[in-house]
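What follows is a single structure, written as structure tokens, with notes after it.
The values are calculated or read from the model by the stated rules, or taken from the named source; none is laboratory data. Note that the structure is predicted; figures quoted are calculated from it, not measured. Quick reminder, even Gly has a Cβ in these numbers, built from the backbone with ideal geometry, and neighbours come from all protein chains shown. Calculation scope for accessible area: heavy atoms of the full protein, side chains included, ligands and nucleic acids excluded. Shrake-Rupley method; radii C 1.70, N 1.55, O 1.52, S 1.80 Å.
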Amino acid sequence: MTAIAVDVAERLATVRERIAAAGRPPDEVVVVAVTKGFGTDAVAAASAAGIEDVGENYAQELADKCREMPATDHRRWHFLGRVQRNKVRVIAGAVHLWQGVDRVAAGEEIAKRAPGARVLVQVRIDGREDRNGCDPDDVPALVERLGGMGLDVRGLMAVGPAGPPELARPGFRQVAALADRLGLAERSMGMSEDLDVAVEEGSTMVRVGRGLFGARPVAPKTRR
């Protein structure tokens, strides 16, 4: 194993220990390795550590890495960023789960390019209008619309607010309750800093970048 692969394997063990300490069997919570800003060596290291789910925030970065990685590798790509309609076609054939769907127009483009695709509805839990996500009150209607397009709505996704992890607890609890009410199984909540709180509140999927790979080498500002 390469040095980065050893590091990732050790950090993944720590992440799973945190999940267990939060009261859930680690094998019941999917760990999505967020490789935004890292090279393909990070993707390979995640695979070597046994992680099958890899997330990207930028369409072009996902497309590039998907093309550069061996086609024989078993990997599920998650798109975590806001869905831009003009970029859907670039990655439609590669995405296993679209996690950032927050409006009808995005769903329409996904349904056009990838009929029956798996999606999560992103819920805005910090009340800030400048943040991505659908307002909680509008989630049921959006879930219904997306399902009517033939999309496979698996659950909900949320990003916790900046600051101490405890600040995210009320929002995560609200998302879990909303998912229960709508009969949706997946709750993608929690990242490196607040995954403990997210798991305590019912997360089934955590998105971990720095917790696996350390500080990002660059901010991919132009990789859209």
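From Gly155, Gly160, Gly171, which residue is part of a loop (DSSP other than H, G, I, E, B) and over 13 Å from Arg103 (Cα atoms)?
Only one candidate qualifies: Gly160.
For Ser188, the conditions (1) of a type outside the set (A, V, I, L, M); (2) open to solvent by less than 40 Å² (accessible area, probe 1.4 Å); (3) in a strand (DSSP E or B); (4) free of Cβ contacts under 8 Å to residues at least 60 places away in the same chain are fulfilled apart from (4). Arg145 meets the conditions (1) under 20 Å from Met205 (Cα atoms); (2) out of contact with any Lys or Arg (no Cβ under 8 Å at 6 or more places or on another chain); (3) basic (Lys, Arg) in every case but one. The failed one is (1). Residues of region 38-68 that are more than 24 Å from Arg16 (Cβ to Cβ), open to solvent by less than 20 Å² (accessible area, probe 1.4 Å) and without any contact (Cβ under 8 Å) to a residue 40 or more places away in the chain: Leu62, Ala63, Lys65.
Test Leu80 against the stated conditions and say whether it is at pLDDT 95 or above and either in contact with a Lys or Arg (Cβ under 7 Å, 6 or more places away or on another chain) or over 17 Å from Gly209 (Cα atoms) (or both).
In short, yes.
Kindly evaluate Ala13 against the criterion of being assigned to a helix (DSSP H, G or I), open to solvent by less than 50 Å² (accessible area, probe 1.4 Å), farther than 20 Å from Val159 by Cβ and touching a residue at least 40 places away in the same chain (Cβ under 8 Å). When the stated conditions are applied, Ala13 does not pass them. Taking the conditions exactly as written (buried (at least 16 other Cβ atoms within 10 Å of the Cβ), among the hydrophobic types (A, V, I, L, M, F, W, C) and within 15 Å of the chain's Cα centre (by Cα)), does Met149 satisfy them or not? Against the criterion (buried (at least 16 other Cβ atoms within 10 Å of the Cβ), among the hydrophobic types (A, V, I, L, M, F, W, C) and within 15 Å of the chain's Cα centre (by Cα)), Met149 does not qualify. Among the criteria (1) under 14 Å from Gly190 (Cβ atoms); (2) within 16 Å of the chain's Cα centre (by Cα); (3) open to solvent by less than 50 Å² (accessible area, probe 1.4 Å), the one Val159 does not fulfil is (3).
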